[in-house]
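Structure, as structure tokens:
Any read-out appearing in this document is the output of simple, stated calculations on the displayed coordinates, not a laboratory observation. Please read these numbers as outputs of a predicted model, since none were measured by experiment. Glycine gets a Cβ as well: all are built from the backbone with ideal geometry, and neighbour counts include every protein chain shown.
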Amino acid sequence: MIKIIKGAKVYAPEYLGKKDVLILGDKIGAIGKDLSFPKYDFLDVEIINGENKILTPGFIDSHVHILGGGGEGSFRTRTPEIKLTDITTAGVTTVIGCLGTDGITRNMISLLAKARSLDEEGITTYIYTGSYHVPVTTITGDVMKDIIIVDKIIGVGEIALSDHRSSQPTVDEIKRLAADARVAGMLSGKAGILNIHLGDSKRMLDIILEIVENTEIPFYQILPTHTNRNPYLFRESIRYAKEGGYIDFTTSSDPIFWENGEVKPSKALKVCLEEGVPNQRITFSSDGQGSLPVFNEKKEFIGLRVGKSKTLFNEVKDAVLIDGIPLEIALKVITSNPATILKLNNKGRIEKGFDADLVLLDENDLAIDTVIAKGQIMVFNKKINVSGTFD
Ligand code: FWO
Ligand code: ZN
């Protein structure tokens, strides 16, 4: 119930110095020097040693196929659903779940149930309504009702554009989706984000640019993902971000993609910052449990791998240790930036009153040591503390 993390170097994500952090239930109660709590025989106060450790907000993974995904090579290529410890051992304490290519044999009710199961096991979950396909697969039959009525639904996604697997939606269909998500978000105090999956075709961000240039819908309504998947889309996304758009880089990958020019997220972040993209416009997401299918030039399926949640922080770590990005900047792409963009209240920062989602890292190699979600220890000294139901 009550924990005090003593003497860690605290990154909120901005650096606060060596501080103690008091956890009261599922909230951060205080941040300060030499915090203590009076001893009562009816109350156990757990002291966690933060010496030689870095304390960061719990990581937010804004694009995870928690129900599994894939299937692009027929039934045997469906990818497995996620386990709690795939998430917690990656330092992730908040996930946004989504459907992908297959919005038929996987559906929104199952996605909501999976999100609720992970919630019961201790982490915070949200979901996007829909899949690649337009018209959108929903729970209530209506996109706006889904966002307004279902608490965990914060927007629509992942809607596929510029991809041979998309439903080839018209610009007007996407305009309407962005408009509906926006107003439903307003009416329910949510972001109402339209999460767009971008494929490899040369049409890239064309439809999104058409929307932000020719309608009243603002840039911040849309979060395009996989924008690092090839060099030409990456270039275009830098221009888009400098004009005001958000861009999300996918951290799960495969050496074949790097050969085909996919931009490693840690490098993508460095290039963006060097070219003047405001750092608050950039997020990373893992595409965990999503398929990473490879198609040949005739768009025939060759094979696929499965995305992993652990790639999320691995890319942030590389950005710091290899690409020289300051930790307080690199951390933003998986903490305060997604929290702001997705309007996740009380998430993404170490601040009094915020949710007690925290990660302790070794200060030398940034290895994940301890993970706390809603005040509950999920991983302690690198060992799984609270295993999920099916671990
Ligand atoms: C990306 C999810 C892709 C699923 O293009 O979109 O397929 O439904 O599970 N994954 N299709 C992966 C690239 C960004 C590497 C998905 C997948
Ligand atoms: Zn996708």
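Angle between the Cα long axis of helix 171-188 and the longest principal axis of the chain, 0 to 90 degrees, nearest 10?
The answer is roughly 30 degrees.
Just going by the charge dipole of the chain, with Lys and Arg at +1 and Asp and Glu at -1 on Cβ, which of 11, 48, 118 is farthest out on the positive end?
48
Find the all-direction average of the projected area of the Cα convex hull for the stretch 1-86, expressing the result in square nanometres with one decimal place.
Values: hull surface 34.4 nm².
Its average projected convex-hull area is 8.6 nm².
With the crude spin-label approximation of a point 7 Å out along Cα→Cβ, what separation in nm comes out for residue 213 versus residue 187?
Label at residue 213, label at residue 187, 3.2 nm between them.
In terms of Cα to Cα distance under 16 Å, which lysines are near enough to residue 267, apart from those fewer than 8 places away along the same chain?
Within the straight-line limit of under 16 Å, residue 267 reaches these lysines: 317, 332.
Among 312-321, 207-216, how do they line up from the highest to the lowest mean number of other beta-carbon atoms within 10 Å? Intermediate results must be reported in sequence, preceding the final value.
Details: 312-321: 22.7, 207-216: 15.9.
Per-residue mean Cβ counts within 10 Å order the peptides as 312-321, 207-216.
What list do you get for 253, 188 if you sort them by fewest beta carbons within 10 Å? Mind showing how you got there, number by number?
Working: 253 21, 188 17.
Starting with the residue having the fewest Cβ neighbours, the order is 188, 253.
Counting Lys +1, Arg +1, Asp -1, Glu -1, what net charge surrounds residue 71 among other residues with beta carbon under 11 Å of its beta carbon? Could you put the intermediate results ahead of the total?
On the way: positive: 76, 78, 106, 165; negative: 72, 102.
Computed value for this residue: +2.
Provide the FRET efficiency to the nearest 0.05 for the residue 49-residue 259 pair, computing r from the beta carbons and using R0 = 51 Å. Don't skip to the answer; put the middle values down first.
Values: r = 44 Å, r/R0 = 0.87.
E between residue 49 and residue 259, to the nearest 0.05, is 0.70.
Given Cα positions, please report Rg to Rh for the stretch 1-148, the hydrodynamic radius being the Kirkwood one.
1.12
So if R0 is 56 Å, what FRET efficiency would residue 15 and residue 75 give, r being the distance between their Cβ atoms, rounded to the nearest 0.05? Intermediate values should be presented prior to the final figure.
Numbers: r = 49 Å, r/R0 = 0.88.
Approximately 0.70, to the nearest 0.05.
Could you work out how far helix 311-321 tilts from the main Cα principal axis of the chain, as a 0 to 90 degree angle to the nearest 10?
Taking Cα atoms only, the helix is inclined about 70 degrees.
If R0 is 45 Å, what FRET efficiency do you get for residue 232 and residue 385 from their C-beta distance, rounded to 0.05?
That gives a FRET efficiency of 0.50.
Suppose we look only past 22 Å in the calculated P(r) of the stretch 240-391. What percent of the Cα-Cα pairs does that tail hold? Walk me through the numbers before you get to the answer.
Values: 5666 of 11476 pairs.
When all Cα pairs of the stretch 240-391 are counted, 49 percent exceed 22 Å.
Taking the simple approach of a point 7 Å from Cα along Cα-to-Cβ for both residue 105 and residue 120, what is their distance in nm?
2.5 nm
Given a cut-off of under 8 Å on Cα pairs at least six residues apart, what relative contact order in percent is computed for the stretch 272-391? Don't skip to the answer; put the middle values down first.
Numbers: 145 pairs, mean separation 17.3, N = 120.
14 percent.
Taking the Cα centre of the chain as origin, sum charge times position over the Cβ atoms of Lys and Arg (+1) and Asp and Glu (-1), and report the length of that vector in debye to the nearest 20. Provide the component values of the computation, followed by the final result.
Numbers: 46 positive and 52 negative charges, 55 e Å.
Here the size comes out at about 260 debye.
Bin width 20 Å, alpha-carbon pairs only: give the P(r) of the chain as whole percents, running from 0 to the bin holding the largest distance.
Result, from short to long distances: 30, 58, 12, 0 percent.
What does the convex hull of the alpha-carbon atoms of the stretch 202-286 project to on average, in nm²?
Details: hull surface 21.1 nm².
Averaging across all directions leaves 5.3 nm² for the Cα convex hull.
Relative to the present Cα-Cα distance, how much length would full extension add between residue 140 and residue 2 at 0.36 nm per residue of separation?
Additional length available on full extension: 45.6 nm.
Charges on Cβ only, +1 for Lys and Arg, -1 for Asp and Glu, centred on the Cα centroid of the chain; of 32, 174, 58, which one is farthest towards the dipole's positive end?
Among 32, 174, 58, the one farthest towards the positive end of the dipole of the chain is 32.
What are the principal axis extents of the Cα atoms in the stretch 298-369, in Å, biggest first?
Result for the stretch 298-369: principal-axis Cα extents of 54, 32, 21 Å.
Most exposed first by the Cβ proxy, i.e. fewest other Cβ within 10 Å, how do 256, 159, 28 rank? Can you show the working numbers first?
Values: 256 13, 159 27, 28 23.
Least crowded to most crowded, the residues run 256, 28, 159.
Neighbour counts of other C-beta atoms within 10 Å: give me 183, 10 arranged from fewest to most. Could you put the intermediate results ahead of the total?
Working: 183 14, 10 24.
In order of increasing Cβ crowding within 10 Å: 183, 10.
Considering only C-alpha atoms, what is the centroid distance from the stretch 305-338 to the stretch 342-382, in Å?
Spelled out, the Cα-based centre of one part sits 14 Å from the other.
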